[in-house]
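This report refers to the structure that appears directly beneath it.
Where a number appears in this text, it was derived from the coordinates with a stated rule and is not lab data. From a predicted model like this one, the values you see are computed outputs, not experimental measurements. All Cβ positions, even for glycine, are placed from backbone atoms using ideal geometry, and neighbour counts span all protein chains on display.
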Ligand SMILES: [Zn+2]
Ligand SMILES: [Zn+2]
């Protein structure tokens, strides 16, 4: 997903956001990974070289990016909020052993039918969460 700096800047601007170094750093970090990090993971990663960002700043940037729809929250575990820069529809696999989360392409469950839901339920959004064991855990 590696986007170039000027691309990232124009995406932020297109959403009407002022491009602050913090917003840029948080969004670029999320775009560069697909492991669905927590705010703490992002903080640790960004402060590896130069510890300049505070946790409050990270949360604020994440909130702003989420509000304009550039990133989404992924809640697959009670009390743990993870973030995803992939905002197109997709499903998730979560390893019960190591907690790793990976994307499952939307087409994987293309024959899933929500039309069998009882009448009266209006669906805004749905996705499948598959839980199990990832291959690196299964090998041990
Ligand atoms: Zn695992
Ligand atoms: Zn995802």
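Looking at the square roots a ≥ b ≥ c of the eigenvalues of the Cα gyration tensor of segment 46-96, which shape do they give, rounded for a/c under 1.5, prolate if a/b is larger than b/c, or oblate? The shape class here is prolate. Taking the C-alpha atoms only, the angle from helix 21-31 to the longest principal axis of the chain is near 30 degrees. Modelled spin-label separation between residue 98 and residue 118, with each label point placed 7 Å from Cα along the Cα-to-Cβ direction: 4.1 nm. Summarising the label geometry, the points placed 7 Å from Cα in the beta-carbon direction at residue 81 and residue 106 lie 2.5 nm from one another. The C-alpha atoms of the chain define a longest principal axis, and helix 55-67 lies at about 60 degrees to it. Placing a pseudo-label 7 Å from each Cα along the Cα-to-Cβ vector at residue 135 and residue 5 gives an inter-label distance of 3.6 nm. Taking a ≥ b ≥ c as the square roots of the eigenvalues of the alpha-carbon gyration tensor, the chain is classed oblate because a/c is 1.5 or more while a/b is no larger than b/c. Taking a ≥ b ≥ c as the square roots of the eigenvalues of the Cα gyration tensor, an a/c ratio of 1.5 or more together with a/b no larger than b/c marks segment 5-84 as oblate.
Springs join every pair of Cα atoms under 10 Å in this Gaussian network model of the chain, and among 122, 100, 48 the largest mean-square fluctuation is at 122. Taking the average, over residues, of other Cβ atoms within 10 Å as the packing measure, peptides 29-36, 102-109 rank 29-36, 102-109 from highest down. Subtracting the Cα-Cα distance of residue 14 and residue 125 from 0.36 nm times their residue separation leaves 37.5 nm of extension gain. Here r is the Cβ-Cβ distance between residue 41 and residue 63 and R0 is 25 Å; the resulting FRET efficiency, rounded to 0.05, is 0.90.
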